[in-house]
Amino acid sequence: MEFNTLVKTQLFPVLQKYGVEIAEEFKNILRFQSSVIEINIVYNDCEKSCYISIGRKGKSLYELRNNAVRELLNSSLSVEQVTPEIFVQNLSTLFETKEGIALLKGDIDDFIKFKISEDNHYTSELMQKQILEVASKAWEASDYLSFVDSIDKIGFSKIPQSYQLKYKIAKQKL
């Protein structure tokens with residue numbers, strides 16, 4: 001079944017119960033909204049994957065992923081790497097739960113906080129990896145000052161044990 005038809009026949013009736021209507025529709029993209037929230041549901045044909053993003057009306061939207069489904073909706077249902085049929089079926093089920101209904105009614109503060117925290121954690125880990133790469137190159141070049149400076153940016157207690165040992169050696173060589 002075509003993606004838009006699938007969403008409109010199986011998920012839209014659930015959304016309508018809580019005042020969520022179709023705002024726009026394009027091939028493989030449906031944008032829903034109520035007086036308080038917006039929801040985008042997309043099927044990416046190139047990746048063969050489905051996405052759902054939720055946010056306050058007129059504000060940023062945040063992707064609903066499996067971590068948030070587990071943590072906030074208390075469900076083991078998957079919204080990632082599943083067929084469009086299972087994606088829509090799982091969303092329909094999730095939005096019939098107490099937690100899912102709360103999201104549809106606009107109670108999304110916890111969801112937004114969770115997503116911002118998750119994004120910050122990801123960014124922090126990415127920056128740490130990049131700094132450790134710089135530190136490794138400095139170590140290989142026997143540039144102990146740059147190595148120590150790189151590690152100091154992260155913090156000694158946050159680095160892997162192998163780097164802690166190298167840090168102690170580098171400090172001695174300075």
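The values are calculated or read from the model by the stated rules, or taken from the named source; none is laboratory data. Predicted, not measured: the structure shown is a model, and the values here were computed from it. So basically every Cβ, Gly included, is an ideal-geometry build from the backbone, and we count neighbours across all protein chains shown. Protein only, heavy atoms only, side chains kept; ligands, DNA and RNA dropped before computing areas. Shrake-Rupley method; radii C 1.70, N 1.55, O 1.52, S 1.80 Å.
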task = Kindly provide the set of residues from the range 36-62 that are open to solvent by 60 Å² or more (accessible area, probe 1.4 Å) and touching a residue at least 60 places away in the same chain (Cβ under 8 Å), ordered by number.
result = V36
query = Just wondering, is there one or more residues in the range 77-95 that are more than 22 Å from Y122 (Cα to Cα), of a type in the set (G, A, S) and assigned to a strand (DSSP E or B)?
reply = no
ask   = Which of the following residues is under 24 Å from the mean Cα position of the chain (by Cα) and either at positive phi or surrounded by 15 or more Cβ atoms within 10 Å (Cβ to Cβ) (or both): E96, E125, E118, E85?
value = E118
message = Looking at the range 105-156 only, could you name the residues that are in contact with a strand residue (DSSP E or B) (Cβ under 7 Å, 6 or more places away or on another chain) and in contact (Cβ under 8 Å) with a residue 60 or more places away in the chain?
response = G106, I108
message = If I go through the range 103-115 residue by residue, how many of them are open to solvent by less than 30 Å² (accessible area, probe 1.4 Å) and closer than 16 Å to R70 by Cβ?
response = 3
request  = Could you please let me know if S136 is open to solvent by less than 70 Å² (accessible area, probe 1.4 Å), out of contact with any helix residue (DSSP H, G or I) (no Cβ under 6 Å at 6 or more places or on another chain), closer than 30 Å to I54 by Cβ and at pLDDT 90 or above?
outcome  = no
